[in-house]
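The values are calculated or read from the model by the stated rules, or taken from the named source; none is laboratory data. This is a predicted model, so every value here is computed, not measured. When we count neighbours, we look across all protein chains shown, and the Cβ atoms used for this are built from the backbone with ideal geometry, even at glycine.
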């Protein structure tokens, strides 16, 4: 697996256990990724050989260091012994069920984020998993790509520090406080509407923003010319940014626009 | 049958009828007695012939005439001018009868009731005064009168008593029992609350008891059948849940293997084949969830139960995240737009996630390869709106109203792809309806379908097709 889809939001699930969130905020889990350059270590606790093999293979290809445990007892022991970044835990396991593993680890300090992967998809099972400290619940059947995205979302939790008020890509720098835009170090002139539109977009990188939303936030009350007005303003912005930087402002079919600073 | 309700009703009716008949006879006898008096009056008047008149005129002070010794009937002559009799033995003339007497020469009045115990008749004669008025008096047959009075009052009382007795002994208990039957009939088949209406251990009983026993038996049979159906439904649900559960693990393995293979194949034919297999895996995955949910919905499960606060932003992000792999394989651009803030709703997370996933999965699975799917979640003043638009083959306008109906798929869709039964959209429609959301479908121009789900009452829906059409015309699509 060479590519992963962009993650629209880092906040994956509001069912995240408050207790677990506190653990992560207060006590640092034994994490291999604390070592600079080390690949994140993932423990897969899964008893089905086919699923386990496919998951381990897919995670390794995605760049993770993966360890496999095929029963709950071994899985719980490895969580306590090994330095792990994430645990993928099946619920129906031999020796000790996933719920029992979660219960056992619930009050232990420095436990890595536990993501439950299960064929038990009832609401009660999900809620119980979250109550016992799971940070996420991925119902079977799942794609490895989805699991990778969720692991990365939990590994890169949102930084509590305030976001930078300067956005830079290609040769463009947008200073949101000073409300200035420079291209290759030279300031360019944008109208108030254009600056408002650009500021709204660059503060939401990777997200598709509907034209109506852009218009209502940047242009004020909507009218029948909203689409045309937004389109014409964006066309002028692209022209002023130049072709290299303008590629980051993409048109999204059926929605509006997306700012993607990593776009080629 | 020991006691017959019909026999009891007939008996009571006969008793009441008998007493009523007696009372009627007494009344008729009294009325007919007056008629009888009117009929014998002319006969009595004929007895005062010329000889009697002459005798009276000859010795009025001594004249009287005996007519019917058995009842003491005797006549005396009176002067019509003074209303006095020449015979000192004559009783006073009944003024009330004289007052009613007409002026005709042979007029008469008669009192058959004899209010004072004696009956009387007064009539005019052809003789001159003091013999031109004759009053006949006779004894009332007291024994007969008393007997008839006693019989009449007794018969009426007995009739009233029999009627009251019938009312309290038969009718009111009947009404109470019929009401019990009605109350029991309402709860026939219910697991709790039904109370048996037939008397226990009584071999006899009337028709209502028999009806009660029939009702009790019907209740037992229906309740047992309902229990059996419940047990079967629960068994089917458990069975479906087990099947769905058992399918999920091999489906996961299948998906992972297909995903792995599809990422590493270069030959277009093999890639297309794997893409088709991936699509089938997604279909099967959705089917396992849909079958379980459909079974629960059919069995009366309410998706408004087991509700929790759910952020639709997370739900739709998860759904789109899962659909991306198939979308990418099918070279469909799947885009998601979400609001800055969470969209929190109270709902059953599992049912809602599956309902929304069906819409997105359909757009990705049945859209044109290399097409587009746009998922837009937005908030408005009354709640939220979720739009899933695609530029796929769409649905003919005539079929739009039927989208979401159970097992409906348009003929065009079946021709394009025979897989699918419309179950997914039907579940989406049912979940939306049950939790009070609105589901609307609209055709897009030049092609495509827009599915819109809104919270709360249906408001004015934007014609997204026109807006997207304008985008296409404006050439801003890239």
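So here's what we get for this one:
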item: Filtered residues of segment B:186-230 (kept if assigned to a helix (DSSP H, G or I) and closer than 19 Å to residue B:299 by Cα); result: B:222, B:223, B:224, B:225, B:226, B:227, B:228, B:229, B:230
item: Residue within segment B:337-346 that is within 11 Å of another protein chain (Cβ to nearest Cβ), touching a residue at least 40 places away in the same chain (Cβ under 8 Å) and in a strand (DSSP E or B) present; result: yes
item: Those helices (runs of 4 or more DSSP H) lying entirely in segment B:397-478 with at least 2 residues buried (at least 20 other Cβ atoms within 10 Å of the Cβ), out of contact with any strand residue (DSSP E or B) (no Cβ under 9 Å at 6 or more places or on another chain) and modelled with pLDDT of 65 or more; result: B:423-435
item: So residue B:236, is it surrounded by 13 or more Cβ atoms within 10 Å (Cβ to Cβ), within 14 Å of another protein chain (Cβ to nearest Cβ) and within 30 Å of residue A:139 (Cβ to Cβ); result: no
item: Qualifying position, being within 11 Å of chain A (Cβ to nearest Cβ), in contact with a helix residue (DSSP H, G or I) (Cβ under 7 Å, 6 or more places away or on another chain) and either surrounded by fewer than 17 Cβ atoms within 10 Å (Cβ to Cβ) or under 29 Å from residue A:47 (Cβ atoms) (or both), among B:259, B:309; result: B:259
item: Residue in segment A:49-67 that is part of a loop (DSSP other than H, G, I, E, B) and farther than 19 Å from residue A:138 by Cα present; result: yes
item: Top-ranked residue in segment B:365-394 [being in contact (Cβ under 8 Å) with a residue 60 or more places away in the chain and more than 13 Å from every other protein chain (Cβ to nearest Cβ); ranked as surrounded by the most Cβ atoms within 10 Å (Cβ to Cβ)]; result: B:365
item: Candidates A:130, A:142, A:137, filtered to the one that is within 14 Å of chain B (Cβ to nearest Cβ) and part of a loop (DSSP other than H, G, I, E, B); result: A:142
item: Unique match (being surrounded by fewer than 22 Cβ atoms within 10 Å (Cβ to Cβ), in contact with a strand residue (DSSP E or B) (Cβ under 7 Å, 6 or more places away or on another chain) and under 30 Å from residue A:125 (Cβ atoms)) among B:360, B:345; result: B:345
item: Matching residues in segment B:315-327 - criterion: being facing another protein chain (nearest Cβ under 7 Å) and modelled with pLDDT of 90 or more; result: B:317
item: Residue match in segment B:223-232 (condition: more than 24 Å from residue B:352 (Cβ to Cβ), crowded, with 18+ Cβ neighbours inside 10 Å, more than 14 Å from every other protein chain (Cβ to nearest Cβ) and at pLDDT 85 or above); result: no
item: Search result, residues across segment A:191-206 that are away from every other protein chain (no Cβ under 12 Å) and farther than 14 Å from residue A:263 by Cα; result: A:191, A:192, A:193, A:194, A:195, A:196, A:197, A:198, A:199, A:201
item: Segment B:160-181, residues that are over 30 Å from residue B:194 (Cα atoms) and exposed (fewer than 13 other Cβ atoms within 10 Å of the Cβ); result: B:164
item: Flag if residue B:187 is surrounded by fewer than 18 Cβ atoms within 10 Å (Cβ to Cβ), more than 30 Å from residue B:11 (Cα to Cα), away from chain A (no Cβ under 14 Å) and at pLDDT 85 or above; result: yes
